[in-house]
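Student: To start, I am sharing the structure in question, which I have written as structure tokens.
The values are calculated or read from the model by the stated rules, or taken from the named source; none is laboratory data. Treat the numbers as computed from the prediction; the structure is a model and nothing was measured. Ligands, DNA and RNA are stripped out before the accessible areas are found, and what is left, the full protein with its side chains, is counted by its heavy atoms. Shrake-Rupley method; radii C 1.70, N 1.55, O 1.52, S 1.80 Å.
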Amino acid sequence: MSKVIFFTDQRKAPGLSPALARLPLPGEPLLDTRERPLRDLRISVTDRCNFRCTYCMPRDVFDKHHEFLPHRDLLTFEEIAAAARVFVAMGVRKIRLTGGEPLLRRNIETLVALLAELRTPEGDKPELTLTTNGSLLARKAQALKDAGLDRVTVSMDALDADVFARMSDSDFPVTQVLEGIEAAAAAGLTPVKINMVVRKGVNDDQIVPMARHFRGSGHILRFIEYMDVGSTNGWNMAEVVPSADVVARLAQVWPLRALHDEGMGRVAERWAYADGAGEVGVISSVTHAFCGGCTRARLSPEGRLFLCLFATQGHDLRALIRGGADETRLAQALAGIWQARGDNYSEHRADAGADPRATGEHKIEMSYIGG
Ligand code: SAM
Ligand code: SF4
Ligand code: SF4
């Protein structure tokens, strides 16, 4: 099958499920079939990126022939804000902008300002964060803060220049990502979190140097298990470094103490340096599934709603929005979709047939939905 057709196909997933749900009463959480409330919304604002991380956008697939979404297909900032307003009314307390590379979307701070105006039913501002590769952060950090962004997470997979270049498959200097991190901290987008995806034999020699660099900085480094998202990265379990190994390697150098605050929606396991130099985290998406506490919905750049990172089909919210649906209609649609949700892919990853590819379906790509 041609690689281009495959991406086009998945975006043509069927439209909204016709189910129309009972809206929860005020103060009542919107729950899915596994009693999980809707709490987090990730909004992917573009499927484009200036990096070609080998685990996310392998260059031989995302090459000059790859068809990215045309701009007219993307939700406008006003459409995104209108959708987000409904999500917040239905229980979302945290919004994360992502991509592709979200800072490539022109005037992204205008969207941040629109989202910063939203209020929960209790009158609070939802937490507003953004995940970025850091390449444009030094330039943008202050404008993002001024627009109302609360925090940023920066993806950085190595301190060593050569390993960084190999992981990101770009010639962008890692020193400029570090400058972006410091600019974010200086602007008050704190605590800055740093996400490092670990691939065995590619960048696992960077675990200790990264920890050494960020210890005591106030930034929070988190190690992420390499996941089988999408269908293009040729994922292989042999390349996963289990979080337990990461923690063991760190603990050989610095004594660690477990921090316990796990609750619904938390994904990172947190560890404090016993000497008080801050904390590190591990995200064990592969070896320790956290589907039971998964409270996330994901909105794609052209307005498809996905309920799991490993979904093959989304629900077309853009059709509703552009069709003139009012907030009540959008809320009913969202309630119906969430109440029917039963996703728990990571709990069944190892089962024969759990992979949608076994039935000829294609998982969405990380660069499209944004993690
Ligand atoms: N471009 C931005 C960035 O890199 O931070 C935002 C989008 S990126 C898709 C979001 C996050 O997904 C990044 O932290 C990236 O490292 C992570 N990611 C992408 N592919 C992954 C994979 N196969 N396994 C684990 N994490 C992955
Ligand atoms: Fe781009 Fe982020 Fe994917 Fe890397 S992980 S290719 S920076 S979208
Ligand atoms: Fe959530 Fe799906 Fe990941 Fe499970 S596999 S934690 S349901 S996104």
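Student: Please work out how much accessible surface Cys56 shows to a 1.4 Å probe, ignoring ligands, DNA and RNA, in Å² rounded to 10.
Tutor: Rounded to the nearest 10, the figure is 30 Å².
Student: Right, another one. Tell me the mean residue ellipticity at 222 nm calculated for the chain from its helices only (DSSP H runs of n ≥ 4, each -39500 (n - 2.57), averaged over every residue, nearest 500).
Tutor: Details: 11 runs with 106 residues, N = 371.
When only DSSP H runs of four or more count, the value is -8500 deg cm²/dmol.
Student: Just list whichever of Lys64/Lys145; Lys94/Lys140; Lys145/Lys200; Lys64/Lys94; Lys125/Lys200; Lys145/Lys363 have alpha carbons separated by over 32 Å in the model shown. Intermediate results must be reported in sequence, preceding the final value.
Tutor: Working: Lys64/Lys145 34 Å; Lys94/Lys140 21 Å; Lys145/Lys200 36 Å; Lys64/Lys94 35 Å; Lys125/Lys200 40 Å; Lys145/Lys363 34 Å.
Too far apart for the 32 Å limit: Lys64/Lys145; Lys145/Lys200; Lys64/Lys94; Lys125/Lys200; Lys145/Lys363.
Student: Can you sort Met227, Met196 by 1.4 Å-probe accessible area, starting with the largest?
Tutor: These residues rank, largest area first, as Met227, Met196.
Student: Once the Cα gyration tensor of region 274-324 is found, what semi-axes does its equivalent ellipsoid get, as square roots of 5 times the eigenvalues, in whole Å, sorted largest first?
Tutor: Working: eigenvalues 243, 42, 13 Å².
Taking √(5λ) for each eigenvalue gives 35, 14, 8 Å, largest first.
Student: On the accessible surface of the chain, probed at 1.4 Å, how many percent belong to carbon and sulfur atoms?
Tutor: With neighbouring chains kept in place, the figure for the chain is 52 percent.
Student: Return one whole number: the accessible area per residue of region 131-184 in Å², for a 1.4 Å probe. List each step's numbers first, then the result.
Tutor: Numbers: 2090 Å² over 54 residues.
Per residue, region 131-184 has 39 Å² of solvent-accessible surface.
Student: When the solvent-accessible surface of protein heavy atoms is calculated with a 1.4 angstrom probe, in what order do Arg52, Arg215, Arg85 fall, highest first?
Tutor: In descending accessible area the options line up as Arg85, Arg215, Arg52.
Student: Give the angle, between 0 and 90 degrees and rounded to the nearest 10, that separates the Cα long axis of helix 137-147 from the longest principal axis of the Cα atoms of the chain.
Tutor: Tilt of helix 137-147: around 40 degrees.
Student: Calculate the all-directions average of the projected area of region 44-149's alpha-carbon convex hull, and give it in nm².
Tutor: On the way: hull surface 29.1 nm².
Reported value for the Cα convex hull: 7.3 nm².
Student: Let me ask you something else. How far, in degrees from 0 to 90, does helix 174-187 lean away from the longest principal axis of the Cα atoms of the chain, to the nearest 10?
Tutor: Its long axis makes an angle of about 70 degrees.
Student: Assuming 0.890 mPa s and 25 °C, estimate D for region 34-75 with Stokes-Einstein, Rh taken as the Kirkwood radius over Cα pairs, in µm²/s.
Tutor: Details: Rh = 13.0 Å.
Stokes-Einstein gives a translational diffusion coefficient of 188 µm²/s.
Student: I'd like the per residue volume of the convex hull spanned by the Cα atoms of the chain, given in cubic angstrom. Intermediate values should be presented prior to the final figure.
Tutor: Numbers: hull volume 50.5 nm³, N = 371.
About 136 Å³ per residue, rounded to a whole number.
Student: For Glu182, Glu79, Glu127, give me the order by solvent-accessible area with a 1.4 Å probe, most accessible first, ignoring ligands, DNA and RNA.
Tutor: Order by accessible area, largest first: Glu182, Glu127, Glu79.
Student: How tilted is helix 77-89 with respect to the longest principal axis of the chain? Cα atoms for both, answer in degrees (0 to 90, nearest 10).
Tutor: Around 90 degrees separate the two axes.
Student: Let me ask something additional. Which value results when the Cα radius of gyration for region 96-142 is divided by 2.2 N^0.38 Å? Numbers along the way, then the final one.
Tutor: Details: Rg = 11.9 Å, N = 47, 2.2 N^0.38 = 9.5 Å.
Compared with the compact-globule rule of thumb, region 96-142 sits at 1.25.
Student: Under the definition of Cα pairs under 8 Å and six or more residues apart, what whole-number percent is the relative contact order of the chain?
Tutor: Relative contact order, the chain: 24 percent.
Student: Taking every DSSP beta bridge with both residues inside the chain, roughly what % is antiparallel (nearest 5)?
Tutor: Roughly 35 percent of the DSSP beta bridges within the chain come out antiparallel.
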